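In what follows, a structure is listed as structure tokens, so that the remarks can point back to it.
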Amino acid sequence: HVQTHGVKVGYDIAPIKHVKSRIEFNFFDAEELLFGNLNGFLTTNKGKIKGDLSLDYNYTEDVILDRPLTAPASGHGQSVDVELWWQPNDQWSSHLLVEDLYSRIKWSQAPYTQATITTVRNFTDSTGATKRMPTISGREYFREIEQRITMHIQADISYQIFAPLRLDIVQERFDELAFNRVMASYRVFSQVELAAGYDAKARAPRLELHS
């Protein structure tokens with residue numbers, strides 16, 4: 001999770017007939033830092049929770065262990081987006097969008113927490129003595145860190161049935177998560193398009209309005 005604001009520079013390229021492409025370079029400041037790792041296991045047995053977790057994450061506000069608010073991190077980054085269109089005739093067309101094909105955010109003085117959380121608190125050391133571990137142990141501090149933005153890919157194939165009505169087959173991907181859709185789009189006005197269809201991943205109908 002990250003919020004950004006900045007500038008974008010784009011170039012349009014038409015390398016061959018029926019093909020158009022665009023490349024965009026984004027330069028931005030970043031805020032609202034939240035990313036990291038949580039590993040381990042949790043089990044329940046007759047209402048009792050047992051587990052061990054290892055936490056290592058960076059944030060603007062600690063939403064897990066409720067660390068008091070600190071000065072926000074400073075982030076500066078760059079990313080590259082690519083878009084490609086191919087329309088061999090008046091009926092068929094295809095489109096590919098890749099956002100954050102390359103991305104990098106460098107954070108300065110990012111608050112972070114490294115912690116171990118366990119429900120198994122009693123253990124026996126090498127001398128045979130029984131000792132008790134704290135439920136939560138770790139450290140909170142600040143660090144310099146680099147972040148990559150999850151790549152977003154959308155590919156679609158379209159067939160123009162007649163002037164205002166179009167059929168689209170779409171796949172949208174966020175990292176390893178893919179959404180497959182079939183959509184029917186109808187242009188209501190010159191700048192307004194209404195689309196309805198079905199999302200196979202969500203197993204639900206989908207309604208969109210484009211302007």
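The values are calculated or read from the model by the stated rules, or taken from the named source; none is laboratory data. None of these values were measured; they are calculated from a predicted model. With ideal geometry, Cβ positions are generated from the backbone for all residues, glycine too; neighbour counts draw on all protein chains shown. Areas reflect the complete protein model, heavy atoms only, side chains present, ligands, DNA and RNA absent. Shrake-Rupley method; radii C 1.70, N 1.55, O 1.52, S 1.80 Å.
Some points to look at:
- Single residue of region 81-120 satisfying the filter (within 30 Å of LYS17 (Cβ to Cβ) and aliphatic (A, V, I, L, M)) that is most open to solvent (accessible area, probe 1.4 Å): LEU101
- Flag if ARG143 is within 26 Å of LEU33 (Cβ to Cβ) and open to solvent by 70 Å² or more (accessible area, probe 1.4 Å): no
- Residues in region 99-120 that are more than 18 Å from GLY40 (Cβ to Cβ) and in contact with a Leu (Cβ under 7 Å, 6 or more places away or on another chain): TRP107, ALA110.
- None of PHE123, PHE162 is modelled with pLDDT under 90, among the aromatic types (Phe, Trp, Tyr) and open to solvent by 60 Å² or more (accessible area, probe 1.4 Å) except PHE123.
- Members of region 22-80 that are closer than 19 Å to GLN114 by Cβ, surrounded by 12 or more Cβ atoms within 10 Å (Cβ to Cβ) and touching a Gly at 6+ places or on another chain (Cβ under 8 Å): LEU33, GLY40, GLY51, ASP52, LEU53, SER54, LEU55, ASP56, TYR57, ASN58, TYR59
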